[in-house]
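Trainee: Can you keep this structure in mind? I'll have questions shortly.
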Amino acid sequence: MYMKQKIIILFIISVFTFTFIMPSPPITAQEGDGLLLTLEDAVQLGLKNSIALKQVKNEISLSALADKRTKYRRDKLEDGDAAIREGREKLSEAKSYYSQNQAPEDIPITDTPFTIPKGADIDTYVDNLPISEEQKSAIKSNVKNYIEQNITDSEKQLQDSTSIIDSTLAEAGANLSEKLNIDDFGALNVKATGDLMTTMSEVSYEVAKASYDIYRNQIALLIQKSYYDVLKAQKILEVKKKAVQRAEKQYNFARDSYKNGMKAKDDMLLANVYYKGTQIEYQKAQGELNNALLELKKNLNIPLDTNVQLTDVLTDQIDEQNLEEGLISGLKNRLEIKKASGQVIIYNLNFDILKKKYPPITFQYKEAELLKEKALLNFEKTKLDVESSIRQSYETLKSTEQMLKTSKAMVEQAKESVEIAEYKYNEGFGVETSLLKKLDLESAAGTIVEVLAAQENLANVEEKVVEIIYGYNLAKMKYFNDIGKFVY
């Protein structure tokens, strides 16, 4: 019977989070004795092994589940509210029938084949039954008691269900107020509560989904940087090795010349000290290369004792970028933009809901309006910050491009200076050069000091060029990250 219908209300408020923290990936063992890696190979291997990326996937799955659960609970809440409204309508109808002494529904008469039809006058129907007056009186009394008891029970059930709805909405309002950082705005109605909680859930899920490509790209860029760090360390080691070879050659010449009485002992000693210094610098560069390889292997999540060889080189080819396209991409794809725009959506909805409940003179209305304005201001600031970071990255990229163009002739010029210095020293000429003037060593013209100064200058120039090429590759990588360009 409808008056015995149970109204079940199920609703639990979920608390949603908008940020994700990526813990550092632990090292897990991988099989294999050696790896020959291109940059693309390294990135793909690192992405495959990344525990952090798997954790992001897990967070997205949890967010998706929370979104489904929230919508399920919203539906249950709305179903319960609809059931209460339907129960109230039927109870009102039953009272109306009974107030006119009519049956609110079909009522079977116990121990008889008769049923009082819905809407029939109870006394009239019973009076026309072929039974004794005593039975008629008892049936009338029992039927009326039955109807009155059902009305009472239904009123109690509706009251209890309404209390559940009210307490649930109050709890939901408190949780939403806390999540939105709003002073308690009280309980909202069922539709407003459902709309607000599902919107928050959807925004959280959309941000989580967007974070996957962004985090994937950031992990890829970290691996790419580690790869570049190794390439840089290798190039620096090559530069140091060449410096050692040049110093060794000069030392051997000075030593042999001293033994043959052609040069002073000081020349041999200075050449030897410089030679030893280049060996120390080479050993230091070797250690830095080993550390760079360890960092790369850590970021690839492979055994740290794996033998890794890189096949790619640092590119010195300039890749022109379009700033306007970069700005459009960054203002669309950056995670900060997605988070800030999601907050605008939520606080706009919150204001639209509360202004229907509270007049403009209330604290709740004013606070909701100010929070809406705050979200919009934060969004505008976020756009400005993102645009600024993109423009700064672009300027850094352009400046390193110019440095790269300028540096290409530096090495050849420094090599020529070494050749001139060696020739002058070997032949005994004492003509000053611009390099000696720069170093305030004019008196050292034609001596071993000039040769060593020229060699040191060449080593510094070669190292500086490597730094510039490395800087250009990193600048381009950072620019791609800042514009939200998903390279991998």
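The values are calculated or read from the model by the stated rules, or taken from the named source; none is laboratory data. Model, not experiment: these values are computed from the prediction. Quick reminder, even Gly has a Cβ in these numbers, built from the backbone with ideal geometry, and neighbours come from all protein chains shown. The accessibility values were calculated without ligands, DNA or RNA, using every heavy atom of the protein model including side chains. Shrake-Rupley method; radii C 1.70, N 1.55, O 1.52, S 1.80 Å.
Trainee: For ASP127, all conditions in the list (1) touching a Lys or Arg at 6+ places or on another chain (Cβ under 7 Å); (2) under 30 Å from ILE165 (Cβ atoms) hold save one; what is the number of the exception?
Mentor: Looking at each condition in turn, ASP127 falls short on (2).
Trainee: Right, next: Output the residues belonging to segment 118-151 that are within 27 Å of ARG88 (Cβ to Cβ), open to solvent by 50 Å² or more (accessible area, probe 1.4 Å) and part of a helix (DSSP H, G or I).
Mentor: ASN142, LYS144, ASN145, TYR146, GLU148, GLN149
Trainee: Please work out which residue is nearest to the chain's Cα centre (by Cα), limiting yourself to segment 264-278 and to residues that are exposed (fewer than 15 other Cβ atoms within 10 Å of the Cβ) and in a helix (DSSP H, G or I).
Mentor: It comes out as LYS276.
Trainee: Take the residues in segment 182-209 that are part of a helix (DSSP H, G or I) and open to solvent by 20 Å² or more (accessible area, probe 1.4 Å); name whichever of them is nearest to LEU39 (Cα to Cα).
Mentor: Per the criteria, the residue is LYS209.
Trainee: I'd like to know if segment 92-110 contains one or more residues that are touching a helix residue (DSSP H, G or I) at 6+ places or on another chain (Cβ under 8 Å), exposed (fewer than 12 other Cβ atoms within 10 Å of the Cβ) and at pLDDT below 85.
Mentor: Among the residues of segment 92-110, at least one is touching a helix residue (DSSP H, G or I) at 6+ places or on another chain (Cβ under 8 Å), exposed (fewer than 12 other Cβ atoms within 10 Å of the Cβ) and at pLDDT below 85, which makes the answer yes.
Trainee: Identify the residue in segment 404-426 that is part of a helix (DSSP H, G or I) and open to solvent by 90 Å² or more (accessible area, probe 1.4 Å) and, among all such residues, is nearest to LEU331 (Cα to Cα).
Mentor: Result: LYS405.
Trainee: Being over 30 Å from GLN218 (Cβ atoms), part of a helix (DSSP H, G or I) and not aromatic (Phe, Trp, Tyr), is that true of even one residue in segment 104-117?
Mentor: no
Trainee: Still on this structure, please answer the following. So, in segment 320-338, exactly how many residues are modelled with pLDDT under 90, assigned to a helix (DSSP H, G or I) and open to solvent by less than 60 Å² (accessible area, probe 1.4 Å)?
Mentor: Summing the residues that are modelled with pLDDT under 90, assigned to a helix (DSSP H, G or I) and open to solvent by less than 60 Å² (accessible area, probe 1.4 Å) in segment 320-338 gives 2.
Trainee: I'm told LYS179 meets every condition in (1) of a type in the set (Lys, Arg); (2) surrounded by 16 or more Cβ atoms within 10 Å (Cβ to Cβ); (3) at pLDDT 80 or above except one. Can you identify the failing condition by its number?
Mentor: Result: LYS179 fails condition (3) only.
Trainee: With the checklist (1) at pLDDT below 85; (2) open to solvent by 20 Å² or more (accessible area, probe 1.4 Å); (3) under 26 Å from SER99 (Cβ atoms) in hand, flag the one item SER161 doesn't pass.
Mentor: Checking SER161 against (1) at pLDDT below 85; (2) open to solvent by 20 Å² or more (accessible area, probe 1.4 Å); (3) under 26 Å from SER99 (Cβ atoms), the one that fails is (2).
Trainee: Got a sec? Which of LYS366, LYS356 is open to solvent by 60 Å² or more (accessible area, probe 1.4 Å) and in a helix (DSSP H, G or I)?
Mentor: That would be LYS366, the only listed residue that is open to solvent by 60 Å² or more (accessible area, probe 1.4 Å) and in a helix (DSSP H, G or I).
Trainee: Would you point out the residue of segment 300-319, among those that are of a type in the set (S, T, N, Q) and open to solvent by 80 Å² or more (accessible area, probe 1.4 Å), that is farthest from PHE486 (Cα to Cα)?
Mentor: The qualifying residue farthest from PHE486 (Cα to Cα) is ASN307.
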